[in-house]
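Trainee: Got a structure here, written out as structure tokens. Questions coming.
The values are calculated or read from the model by the stated rules, or taken from the named source; none is laboratory data. Note that the coordinates shown come from a computational prediction; the quantities given were computed from them, not determined experimentally. All accessible areas refer to the heavy atoms of the entire protein, side chains included, with ligands and DNA or RNA removed. Shrake-Rupley method; radii C 1.70, N 1.55, O 1.52, S 1.80 Å.
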Amino acid sequence: REEGALEAAAQTPDTVSDESAWIEVIQRMDSIYADIVRYQVELEEKNAGLEEAHQFIQSVISSMTDVLIVADTQGQIQQVNRALEALIGMPAGDIIGQPLAALFMPEYVPMVEDFAEHIRRDVVTDCEVELRTSDGDSAPIAINCTPRYDHLGRLSGLVITGRPLGELRRAYTALKETHDRLKTAQQQLVQSEKMASLGQMTAGIAHEIKNPLNF
């Protein structure tokens, strides 16, 4: 008891104040550490959500059969899909960062270079152009060009979607051939009906002529 009394007597107000300050510092450090852990968990959850959204968007873009080209307001290509890669025979790594006009045949370059300015006033719909393939050939395509805006509603670029005209022309040719076959079949059917009607009429006339002769 005497030693405890001596120790209590030896503690000055400054010593007690220092201990309280250290305790407060440790408590604040624990609180800050808990906040950091909580923020880290929230950040990981948000990153996981962003990664999932990115994967979903990429899967949708990759599965598109129509061509997709995304460019900024300066006409620099930012994103393409597999349909474009397959059509022109070039990987996305060689396309992204290139000027938009580099994808098109020379005679369409002036028109394409005007897209960035044109979409400020109106969209481009059903415009027939020709893409340049990796071997120098042309690939006809019908495209639509629409503006792209950021989260503040400011114009941030343009989006081009298109369907190769080769596919459309093949579909049109198949449709035309089917129509021609149906038309020919209809004419043959009408002709057959005419011949059948003529045969019936001839038989009737012959019958009417035969009866008076027999009489």
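Trainee: When the accessible area of the stretch 77-157 is split by element with a 1.4 Å probe, what percent falls to carbon and sulfur?
Mentor: On the way: 2140 of 4460 Å².
Answer for the stretch 77-157 is 48 percent, counting heavy atoms of protein chains only.
Trainee: Can I ask one more? How much accessible area per residue does the stretch 85-158 have, in Å², with a 1.4 Å probe?
Mentor: On the way: 4130 Å² over 74 residues.
Heavy-atom accessible area per residue stands at 56 Å².
Trainee: Enter the accessible area per residue of the stretch 21-63 (Å², integer; probe 1.4 Å; all protein chains in place).
Mentor: Details: 3880 Å² over 43 residues.
The answer is 90 Å² per residue.
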